[in-house]
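Working notes for the structure below.
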Amino acid sequence: MYRILWQRGIFGLLLLLHCATLSAREPEWGLYAELLDEYVAPDAKFGIEANFVDYRRLRHDPRFQQLIEELATFNPEQLDGNNERKAFYLNTYNILAIKKVIDNWPVRMVKSLGSLFNPVWNHHAGFIGGKSMTLSHLEHNVLRKMHDPRVHMALNCASLSCPDLRLEPYTGDKVEAQLDDQCRRFLHQPSKGAKIVGKYLHVSSIFKWFEADFDAVGGVRKFIFQYRPDLPSAIKIEADIDYDWTVNAHLSGRELREIRVEANF
């Protein structure tokens, strides 16, 4: 009798563990959360507010390499649903953008790591599930094809004028609220997101570069008013805020001297 009960108990425990494994389809992101908490903080440069990354210290933390290795072996096919996929690839893009800076530190701007005919976004950035990935592929062939223009407010290419690197990982259960929050925050940042000057609302060049993506939600104007209902209804919108590609970090004088060759496109 006891043997039967013991066997049933073991079977039940194994079943619970199996179900728990099946339900945990996206990464835990605990390691990424730790690194964000320790190495990313609000700051400003050239009058532009951003969440700055301490690349100098982060590059020596073995946990970052562990995170990169976890992404390299994670199989994205096990992700469950669009929200998990969206959260996963947003985190992946932002992590690999950080890696690109770390691998080339010190660097004044990420764009300088490429050329006009071979931009850095087309370079190998890392491995996902054993496959080589570029930042361009993740942005244009994965995230933009989800037809959710809010992703443009969540991608951080390690530059001052990018929407801020979020201080927490995106997760499948929270990504909808997180993206709305990113949009709201960016459109309330006059230094790079949106600023009122007279009868005009000047917004980030992102809205010009990816204007067609916003057609899925009724166009750029409707998108902006969704997150800025305080704006005058007749205000004119111009997507012409200068985009500063300077890296979202502080460099020491010594690090600046180490940067020998830079291109500016």
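Cβ-Cβ distances below 6 Å connect the following pairs, each with a first residue in segment 143-169 that is more than 19 Å from I102 (Cβ to Cβ), a second residue that is among the acidic types (D, E), and a separation of six or more residues or different chains: P149/D213; S161/D244. Once segment 227-250 is narrowed to residues that are surrounded by 15 or more Cβ atoms within 10 Å (Cβ to Cβ) and free of Cβ contacts under 8 Å to residues at least 60 places away in the same chain, the residue that is farthest from S191 (Cα to Cα) is I235. Taken together, H137, H123 contain a single residue that is in contact with a Gly (Cβ under 7 Å, 6 or more places away or on another chain) and either surrounded by fewer than 18 Cβ atoms within 10 Å (Cβ to Cβ) or farther than 19 Å from Y55 by Cβ (or both), which is H123. Take the residues of segment 173-191 that are loosely packed, with under 14 Cβ neighbours inside 10 Å and touching a residue at least 24 places away in the same chain (Cβ under 8 Å): which is farthest from K45 (Cα to Cα)? If we take residues in segment 173-191 being loosely packed, with under 14 Cβ neighbours inside 10 Å and touching a residue at least 24 places away in the same chain (Cβ under 8 Å), then D173 is farthest from K45 (Cα to Cα).
A count restricted to segment 232-249 and to residues that are over 23 Å from the mean Cα position of the chain (by Cα) and either of a type in the set (D, E) or closer than 22 Å to A177 by Cα (or both) stands at 1.
The residue of segment 77-119 that is surrounded by the most Cβ atoms within 10 Å (Cβ to Cβ), among those that are of a type in the set (D, E) and part of a helix (DSSP H, G or I), is E84.
Close contacts from segment 209-223, counting a first residue that is small (G, A, S) and a second that is at pLDDT 95 or above and outside any helix (DSSP H, G or I), with Cβ to Cβ under 9 Å and a gap of 6+ residues or different chains, come to A216/H147; A216/D148.
The values are calculated or read from the model by the stated rules, or taken from the named source; none is laboratory data. If you're wondering where the values come from, they're calculated on a predicted model, not measured in any experiment. Because the Cβ atoms are built from the backbone with ideal geometry, glycine has one as well, and the counts that use them run over all protein chains shown.
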